[in-house]
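Engineer: What follows is a single structure, and I will ask about it in a moment.
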Amino acid sequence: GEDVEQSLFLSVREGDSSVINCTYTDSSSTYLYWYKQEPGAGLQLLTYIFSNMDMKQDQRLTVLLNKKDKHLSLRIADTQTGDSAIYFCAEKRTNRDDKIIFGKGTRLHILP
Amino acid sequence: DTGVSQDPRHKITKRGQNVTFRCDPISEHNRLYWYRQTLGQGPEFLTYFQNEAQLEKSRLLSDRFSAERPKGSFSTLEIQRTEQGDSAMYLCASSLGDSGYEQYFGPGTRLTVT
């Protein structure tokens, strides 16, 4: 996971927006992902963005991609207690390389 | 439930024993992946199959590890002569099509080697 970096912890008040940031190193990345993992569970694919896009919105989730800076962010609007989880940023490098490279995850803590 | 399923969910074994895990992918998904996740880390790729063919193996997959997908449906991951360092969550994912960009994960099998 060294090639995908994200901060390890984020604390946000319920109702506020959460912004989780990620940087990656490989400019050939084709798809960039956000996965959510709740305690003791597997990974849930939240959203992904193709590298020729710079923004994707899906209900409360907004993904921004800055290819020049190799920076990806996930904004969660109106954060709820159910959003408390670990969020993994991940990249898939080429169409022929099937593995997904994950960061170490950002633990999102919701304050009442 | 039509998601990826894994069995068992938890496994405790003594060092030196062999263990086998099973993964059932989403129906008709032709690609199946195994990842390993240790505490505080993101998942790391181990291997993947397209139908019954094993197409790539990570260098993390030592000779003690073997994976099969004999009929192109479910897969098994066997670890022989387990070591304490094998303790981890073993995650299975599946995808449809040739590019594998939408990978859906199962709940994982947590292995503890004592």
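We did not get these values from a lab; they are worked out from the coordinates using the rules stated. Just so you know, these numbers come straight off a predicted model, no measurement behind them. Backbone-built Cβ (ideal geometry, glycine too); neighbour counts: all protein chains shown.
Engineer: Between residue B:71 and residue A:13, how high is the FRET efficiency from 1/(1 + (r/R0)^6) when r is the Cβ-Cβ distance and R₀ = 45 Å? Nearest 0.05.
Structural biologist: Efficiency computed from Cβ-Cβ geometry: 0.30.
Engineer: Let me ask something else. Explain nothing, just the number: relative contact order of the stretch A:1-66, from Cα pairs under 8 Å at least 6 residues apart, as a whole percent. Don't skip to the end; give the middle numbers.
Structural biologist: Values: 69 pairs, mean separation 13.5, N = 66.
Value for the stretch A:1-66: 20 percent.
Engineer: Using a 10 Å Cβ count of at most 16 others and DSSP loop calls, identify the longest part of chain A lacking such trypsin sites (Lys or Arg not before Pro).
Structural biologist: A:1-59
Engineer: Past 23 Å, Cα to Cα: identify those pairs from A:67/B:57; A:36/A:99; A:36/B:71, in the order given. Before the final figure, lay out each step's value.
Structural biologist: Numbers: A:67/B:57 29 Å; A:36/A:99 18 Å; A:36/B:71 31 Å.
A:67/B:57; A:36/B:71, as the Cα separations exceed 23 Å there.
Engineer: FRET efficiency for residue B:56 and residue A:21, Cβ-Cβ distance as r, R0 = 41 Å, nearest 0.05?
Structural biologist: The pair residue B:56/residue A:21 has a calculated efficiency of 0.85.
Engineer: How about the stretch B:1-97: which GluC sites (Glu not before Pro) there are in a DSSP loop, with at most 14 other Cβ atoms within 10 Å of their Cβ?
Structural biologist: Here the sparse-neighbourhood loop sites are B:28, B:52, B:83.
Engineer: Further, regarding this structure: Straight distance only, please: which aspartates and glutamates reach the Cα of residue A:70 with their own Cα at less than 15 Å, same-chain residues fewer than 8 apart left out?
Structural biologist: A:2, A:3, A:5, A:26, A:54, A:91
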